[in-house]
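Q: There's a structure below that I have some questions on.
The values are calculated or read from the model by the stated rules, or taken from the named source; none is laboratory data. The structure presented is a predicted model; accordingly, all values stated were derived computationally and were not measured. Please note: Cβ atoms are built from the backbone with ideal geometry, for glycine as well, and neighbour counts cover all protein chains shown.
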Amino acid sequence: WMRGPPLRRAGGLTSRAPARMACSPDGKRPRDVSPSRWCISKEDLDHFEQEVRAAWSRGDITDDPSFPNPYHNDEKVGPSIYRVMECVIKPKTLAAGGMSWALMRHPDGLPCDAFVTHAWAEGVFEWIDKVRQLWPWRAKHLYCCFLSNPQNTDIGAMLGDDPMGSPFASALVRARYMLVIPNRRQSLYGRLWCVFEAHLALQCGLDTRMPRRPSAAMAARVLLPGCALFAVAFAV
């Protein structure tokens, strides 16, 4: 475990994200729900895995020929989250009204206890397994961007220009834990959002958890490519 300085508790660091209208595009199911409540439970994670494995077994989740995944057919790794998004999450949530997967399961939301940072290139089954391993026993609910944010909408407009006004920040500053989920395909900290999340987690003093005893190769893939990006992003 790693702990940063407890600036959130001492300094009252808060997100500037307002409550957002979490509803279908046609407005049939309006809910004013703070992004900090766009969370899932352990039972929701189990349900999500069942849905994805069923779709994968039927062949409904195809690989991306422009970015092929060598682990697509591996039952322990599975299709990338990019492909799960396109083939499962978007169609199912659109059919349900256009909200996020989390709000489809809990229209009034759930309070955030833990926040997951990850890269979307990883296999979904690998991701689920690591989240289960790291899920703190005191945490009931978890924010994860691809399940928490409504994907059938303009994500860029929803995120805006101010990172502290994003749904990510709204959830993270209310969380107690951050779960860092590395993978075998891509460094987390090659993604600027993951760098921002790490920076904010340190400011907030979150208990930060990674898989125990990562291999040297895994540690290098996760950490080294992000060092320069982190320095550039937050040196000014």
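Q: Is the stretch 171-179 home to any residue that is in a helix (DSSP H, G or I) and either acidic (Asp, Glu) or modelled with pLDDT of 80 or more (or both)? Write out each step before concluding.
A: So in the stretch 171-179, the residues in a helix (DSSP H, G or I) come out as 171-172.
From what is left, the residues that are either acidic (Asp, Glu) or modelled with pLDDT of 80 or more (or both) are 171-172.
Yes: one or more hits.
Q: What is the number of the single condition among (1) farther than 13 Å from ILE40 by Cβ; (2) outside any loop (DSSP other than H, G, I, E, B) that ILE128 does not meet?
A: (1)
Q: Of (1) buried (at least 16 other Cβ atoms within 10 Å of the Cβ); (2) at pLDDT below 95, THR14 satisfies all except one. Which?
A: Evaluating THR14 over (1) buried (at least 16 other Cβ atoms within 10 Å of the Cβ); (2) at pLDDT below 95 leaves (1) as the failure.
Q: Would you mention how many residues in the stretch 50-80 are surrounded by fewer than 17 Cβ atoms within 10 Å (Cβ to Cβ), assigned to a helix (DSSP H, G or I) and not aliphatic (A, V, I, L, M)?
A: Of the stretch 50-80, the ones surrounded by fewer than 17 Cβ atoms within 10 Å (Cβ to Cβ) are 50-51, 53-54, 57-60, 62-68, 70, 73-76.
Narrowing further to those that are assigned to a helix (DSSP H, G or I): 50-51, 53-54, 57-58.
Narrowing the set further to residues that are not aliphatic (A, V, I, L, M) leaves 50-51, 53, 57-58.
Number of matching residues: 5.
Q: Still on this structure, I have one more. I need the full set of residues from the stretch 81-120 which are small (Gly, Ala, Ser) and touching a Phe, Trp or Tyr at 6+ places or on another chain (Cβ under 7 Å), in order please. It would help to see each step written out before you state the result.
A: Narrowing the stretch 81-120 to residues small (Gly, Ala, Ser): 95-98, 100, 102, 109, 114, 119.
Matches in the stretch 81-120: SER100, ALA102, GLY109, ALA114.
Q: Suppose the filter is touching a residue at least 12 places away in the same chain (Cβ under 8 Å) and of a type in the set (Phe, Trp, Tyr); does TRP137 pass it? Break it down into steps so the answer makes sense when it comes.
A: On the way: touching a residue at least 12 places away in the same chain (Cβ under 8 Å): no; of a type in the set (Phe, Trp, Tyr): yes.
Spelling it out, it is not the case that TRP137 is touching a residue at least 12 places away in the same chain (Cβ under 8 Å) and of a type in the set (Phe, Trp, Tyr).
Q: Another question, if that's okay. Which of the residues that make up the stretch 98-118 are part of a loop (DSSP other than H, G, I, E, B) and buried (at least 24 other Cβ atoms within 10 Å of the Cβ)? Step through it out loud before you land on a result.
A: Residues of the stretch 98-118 part of a loop (DSSP other than H, G, I, E, B): 98-100, 106-113.
Correct list: MET99, SER100, CYS112.
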